[in-house]
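Novice: Handing you a structure now.
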Amino acid sequence: METVVTGAFDNLRSHDLRFLQEASRLGDLTVLLWNDELVRVATRQPPKFPMAERLYILKAVRYVARVVPAGTWTEPGGLPLAQDFRGALWVDLEGDLTAQRRRFCERHGLEYRVLAAGAMGGFPEPPPPASASDRKRVVATGCYDWLHSGHVRFFEEVSAHGDLYVVVGHDANIRLLKGAGHPLLCDAERRFLVGSIRYVAQALISSGHGWLDAEPEIRRIQPHIYAVNEDGDRGGKRDYCARHGIEYLVLKREPAAGLPKRSSTDLRGF
């Protein structure tokens, strides 16, 4: 069965990804994504991120089978129909429009399912890779405190070199390196966000300390490649790789085509 969700998915956070994850358990998930004008109509303010950027990130989410740009609303509380979704299951969260949406689905031949917010608590640990791979193993490390399109692009580029394992820094180490006020999100949440991106084979939490806090995980993964962007080329990583026979890959910080450059520091004010 095709499962449909709809919304702006602007400034995508962990609760959005938990919703998408649970909805995907009910069938192949299509996201009917509001364009910028629909966001303005529905929220009375412009989106924080443009349609192209929201589309790019959603296409990278492992729970999503496809993303369809929305058309226009046929009526309040209805789906902004872009095509015929008769026979599909519309999955929603409980809200002020639930009753109207249920009536809309009855008239248009859609099944309607409301997910309870309480069923989406916590940050499930992503499963390990399904099976052994003959591809190279690539490791990347970082804070990933505000997952954005720049991170997604980095994961996309790095995954072309092999199966990507991302180790997020544990909370105490992020505070040690970045100071008070960091991280914004706990390590379990950051691992969940990173692990929700389809280019990542597995996301883990570091257990060491300092700039090489992921060393215990690196020993366990035994990667062929350690990938960083230009900002991350520090902290003894290059020397560590030279000593242990690991290829050291430095990528330029380039956004996906047509998208702006993003950094977690800049987005902290959003």
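Novice: Measure of size requested: the Rg and Dmax of the range 1-101, with Cα atoms as the atom set and Å as the unit; please supply both.
Specialist: 12.7, 34
Novice: Express the relative contact order of the chain as a whole percentage, based on alpha carbon pairs under 8 Å and six or more residues apart in sequence.
Specialist: Details: 465 pairs, mean separation 44.0, N = 270.
With pairs under 8 Å counted, the relative contact order is 16 percent.
Novice: Using DSSP to define loop residues, name the trypsin sites (Lys or Arg not before Pro) in the range 230-270 whose beta-carbon has at most 12 other beta-carbon atoms within 10 Å.
Specialist: ARG234, LYS252, LYS261, ARG268
Novice: With N set to the residue count of the range 157-242, report its C-alpha Rg divided by 2.2 N^0.38 Å to two decimal places. Please report the intermediate quantities before stating the final value.
Specialist: Details: Rg = 12.8 Å, N = 86, 2.2 N^0.38 = 12.0 Å.
The value comes to 1.07.
Novice: Evaluate the distance, in nm, between pseudo-label points positioned 7 Å from the Cα of THR265 and of ALA116 along their respective Cα→Cβ axes.
Specialist: Modelled inter-label distance: 4.5 nm.
Novice: Residue separation times 0.36 nm, minus the C-alpha to C-alpha distance between LEU212 and LYS178: what's the value?
Specialist: Additional length available on full extension: 10.8 nm.
Novice: Expected output is a single nm value to one decimal: the length gained when fully extending between CYS186 and ASP239, i.e. 0.36 nm times separation in residues minus the C-alpha distance. What is it? If you can, show how the numbers build up before the last one.
Specialist: On the way: separation 53, 0.36 × 53 = 19.08 nm, distance 2.94 nm.
Extending this stretch completely gives an extra 16.1 nm.
Novice: Around CYS143, which amide H atoms from residues at least 5 apart in sequence, or from another chain, sit under 5 Å from its own amide H, with H modelled in the peptide plane?
Specialist: Excluding prolines and chain starts, which carry no amide H, the hits are GLY169.
Novice: Straight-line reach from LYS261: which lysines have a Cα under 26 Å away, not including same-chain ones fewer than 8 places off?
Specialist: Within the straight-line limit of under 26 Å, LYS261 reaches these lysines: LYS48, LYS59, LYS178, LYS237, LYS252.
Novice: On a full-extension model of 0.36 nm per residue, what is the gain between ALA52 and GLU37, subtracting their alpha-carbon distance, rounded to one decimal in nm? Numbers along the way, then the final one.
Specialist: Details: separation 15, 0.36 × 15 = 5.40 nm, distance 1.29 nm.
Length difference between fully extended and current span is 4.1 nm.
Novice: Across the chain, how large is the tail of the calculated P(r) beyond 31 Å, expressed as a percent of all Cα pairs?
Specialist: Details: 11350 of 36315 pairs.
The calculated P(r) of the chain puts 31 percent of pairs beyond 31 Å.
Novice: Output wanted: per-residue J couplings in Hz (rounded whole) for the range 2-8, from phi through Karplus 6.51 cos²θ - 1.76 cosθ + 1.60, θ = phi - 60°, x for Gly and Pro.
Specialist: Those phi angles translate into 7, 10, 10, 10, 9, x, 7 Hz.
Rule-based calculations on the coordinates, nothing more; no lab input. All of these numbers come straight from a predicted model, not from anything done at the bench. FYI the Cβ positions are ideal-geometry reconstructions off the backbone, even for glycines, and counts take in every protein chain you see.
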